[in-house]
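**Q** Sharing a structure below in structure tokens format, with a few things to ask.
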Amino acid sequence: MIGAPRRYPATSMRISGLRTSGLRISGLRISGPAAARHSRLRALLVVLAAVLCISVAATSPLVASAASQDEPVTRKILGETSPDNAPGQSYTLQEITIQPGAKLPEHFHEGTQVAYVSSGVLTYDIVSGSATVTRAGEEPRKVAGPATVKLRKGDGLIETVSLVHFGSNRGTKPVVLVVTALLRAGAPLATPVGEGATGSTPMQLRSRLQSQARTLYQAGAGGSVTYGWNRLTGPATVDGQEVAIEMLGNVDYVSGTGQFFGFVTFTFIDGSTIGTRMQGEATASADTTNASFRSTLGVVGGTGRYATTTGTGTFIGERRATLGGDVDATFDLQLSN
């Protein structure tokens, strides 16, 4: 569910400056030995639940997506707000119950999510990207997909927008999760993608993208930090017709590994376009010469025959050269009109 950004290492987490209906939480910190960090994570979620419930109770009734225990998956909204210190973002606290035998569709989250297993055993599948897993008495560790992990009571997860995943309950007792999410305002709590995007039309595009212009800066000890932007273009073919691809990417890397974000535009032979928002993670080889890329895509709009198109997708890429070299790219889109 989450990959820790470079500025917030997996060994600590700070939540500060959250404002909800006049109430403010600041300076809460989870750090120190693994056992202490684990217990404080649980305490933090309890505090957030209490504060957000007080805030929402004063302004709106409790929201629940499903009230019946017969539903395979229920989602109860415990609190939500638009933080003053995160413009354009929505902050939500929720409780998710997964009944035995139930499985969630493949999806991603348009932001960062922290989850805590309150009861049961969750089978957690990472399709692509990576999640940070926390367990009692252990150091947090990053797990890269494809992978399957078992999460039990007391375990936790950190997820980022570049992570495609799903959970299921293969046990005999309900799985209960307490989840906090900081998402793009207006985004759904979970965005279906891949096999989870039912009722949509798939479109796959393959291309070799070449850098046309870029401005990259290096900083830090030995120039290990790289940040800046890169514009790449390349051709693809869909149904025998050429499609032009343009990627506008911003990067924030340490030793070639880190976050990237930006936009990808697909222009078809009749002039119609599909524009997508991209957020992902690059992983460099040990010598930093090669890199792999994984990101999620969300359609922001289109023109012509795609003017009303919505959808999601993924981008997978490989660069077998230094930063700025060609990228072999595969885009898998799930589109709806």
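Taken together, the values in this text are just the output of simple stated rules run on the coordinates, not laboratory data. No experiment lies behind these values; they were computed from the predicted model shown. Cβ sites come from the backbone with ideal geometry, for glycine too, and all protein chains shown count toward neighbours.
**Q** Add +1 for every Lys or Arg and -1 for every Asp or Glu among the other residues with Cβ under 9 Å from the Cβ of residue 131, and state the total.
**A** On the way: positive: 142; negative: 159.
Surrounding charge for residue 131 is 0.
**Q** Starting from the Cα of residue 322, step 7 Å along the direction of its Cβ; do the same at residue 300; then give the gap between the two resulting points in nm.
**A** 3.1 nm
**Q** Taking 21 Å as the cut-off for C-alpha to C-alpha distance, list the pairs among 142/173; 103/153; 76/142 that go past it.
**A** Beyond 21 Å between Cα atoms: 142/173; 76/142.
**Q** Let me ask you something else. For the pair residue 263 and residue 170, what calculated FRET efficiency results from E = 1/(1 + (r/R0)^6), where r is the Cβ-Cβ distance and R0 = 30 Å, to the nearest 0.05? Walk me through the numbers on the way to the answer.
**A** Details: r = 39 Å, r/R0 = 1.29.
Once the sixth-power term is evaluated, E becomes 0.20.
**Q** A further question on this structure: So how much slack lies between residue 224 and residue 330, counting 0.36 nm per residue of separation and subtracting their Cα-Cα distance, in nm?
**A** 35.4 nm
**Q** OK, next. Residue 289: net charge of surrounding residues, Cβ under 14 Å, Lys/Arg +1, Asp/Glu -1, itself excluded? List each step's numbers first, then the result.
**A** Numbers: positive: 319, 320; negative: 287, 318, 326.
Here the count lands on -1.
**Q** Something else: Per residue of region 319-336, in order, report the coupling 6.51 cos²θ - 1.76 cosθ + 1.60 (Karplus, θ = phi - 60°) as ³J(HN,Hα) in whole Hz, putting x for Gly and Pro.
**A** 10, 9, 6, 5, 3, x, x, 5, 10, 7, 10, 10, 10, 10, 10, 10, 10, 9
**Q** Evaluate the distance, in nm, between pseudo-label points positioned 7 Å from the Cα of residue 250 and of residue 288 along their respective Cα→Cβ axes.
**A** 2.2 nm
**Q** Right, next: Specify whether the C-alpha gyration tensor of region 182-239 places it in the rounded, prolate or oblate class, a ≥ b ≥ c being the square roots of the eigenvalues: rounded for a/c under 1.5, otherwise prolate if a/b is larger than b/c and oblate if not.
**A** Details: a/c = 3.36, a/b = 1.44, b/c = 2.34.
Judged from the Cα gyration tensor, region 182-239 comes out oblate (a/c at least 1.5, b/c at or above a/b).
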